Amino acid sequence: MPDADRYPAHELVDLYHRRWQVETTYFSIKTTLLDGRVLRSRNLQDLDQEVYALLTAYHTLIRTAGDALAARPGTPMERVSFTVLLQATTDQAVNATGILPTGPAALLGANGQAVLDGLLPAHRRQRIKAHTRKNPTSKYGPNADAHPQQAQTHTLEVRAEHLRAGLTARRRT
């Protein structure tokens with residue numbers, strides 16, 4: 001049990017929320033920016049550069065969302081859809097439209113307007129179902145007490161071959 005004087009409850013609560021902001025950042029980078037792809041770097045120096053590039057892109061998107069919300073004071077950042085923001089930014093970069101304004105430059109811009117048009121609901125619905133295990137077929141799930149009470153013996157046969165000539169190169173398609 002933590003010492004209440006050394007670790008005040010309000011600081012622990014604040015740390016908990018900050019931790020989830022970091023988790024949300026990693027989740028957004030992994031699932032949205034990377035879209036399921038893995039990092040391509042083959043050495044540590046390039047890996048550092050790739051990670052910093054992802055963090056810079058994420059930070060730029062979040063700053064864009066913050067600037068857009070300045071047009072609607074009092075709107076919490078939690079209402080911003082990161083997916084909408086990323087899609088609007090990607091569309092604008094790919095289509096290269098609206099980059100140079102034809103008239104007076106709007107401070108909000110196309111990305112900011114997309115953020116405001118795609119705000120999430122003000123009051124999120126309450127979670128009505130508790131979190132479940134990620135693997136519903138796990139042997140430790142609902143049938144946890146049904147596993148065998150005695151050790152089971154299994155035999156594994158392994159055959160390893162040493163290739164003296166090495167592997168032959170495969171044709172790339």
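The simple Förster model, with R0 at 35 Å and r as the Cβ-Cβ distance, assigns Leu120 and Asp48 a FRET efficiency of 0.55. As a proxy for reagent exposure, ranking Arg40, Arg79 by other Cβ atoms within 10 Å from fewest up yields Arg40, Arg79.
Hand me the GluC sites (Glu not before Pro) from the range 1-73 located in a DSSP loop with no more than 10 other Cβ atoms within 10 Å, in residue order please.
In loop regions of the range 1-73 (DSSP not H, G, I, E or B), there are no sparsely surrounded GluC sites (Glu not before Pro).
Can you give the FRET efficiency to the nearest 0.05 for Tyr7 and Glu157, using r as the Cβ-Cβ distance and R₀ = 41 Å? Efficiency, from the Cβ-Cβ distance: 0.15.
Under the simplified labelling scheme, the Thr83-His17 pair shows an inter-label distance of 2.6 nm, with each label point 7 Å from Cα along Cα→Cβ.
What net charge is computed for the residues neighbouring Ala110, neighbours being all others with C-beta under 13 Å from the C-beta of Ala110, Lys and Arg scored +1, Asp and Glu -1? With Lys, Arg at +1 and Asp, Glu at -1, the net is -3.
Computed from the coordinates by the stated procedures, all read-outs in this text should not be read as laboratory data. It should be emphasised that the depicted structure is a prediction, and the values quoted were computed from it without experimental measurement. Every residue, glycine among them, receives a Cβ derived from its backbone with ideal geometry; neighbour counts consider all protein chains shown.
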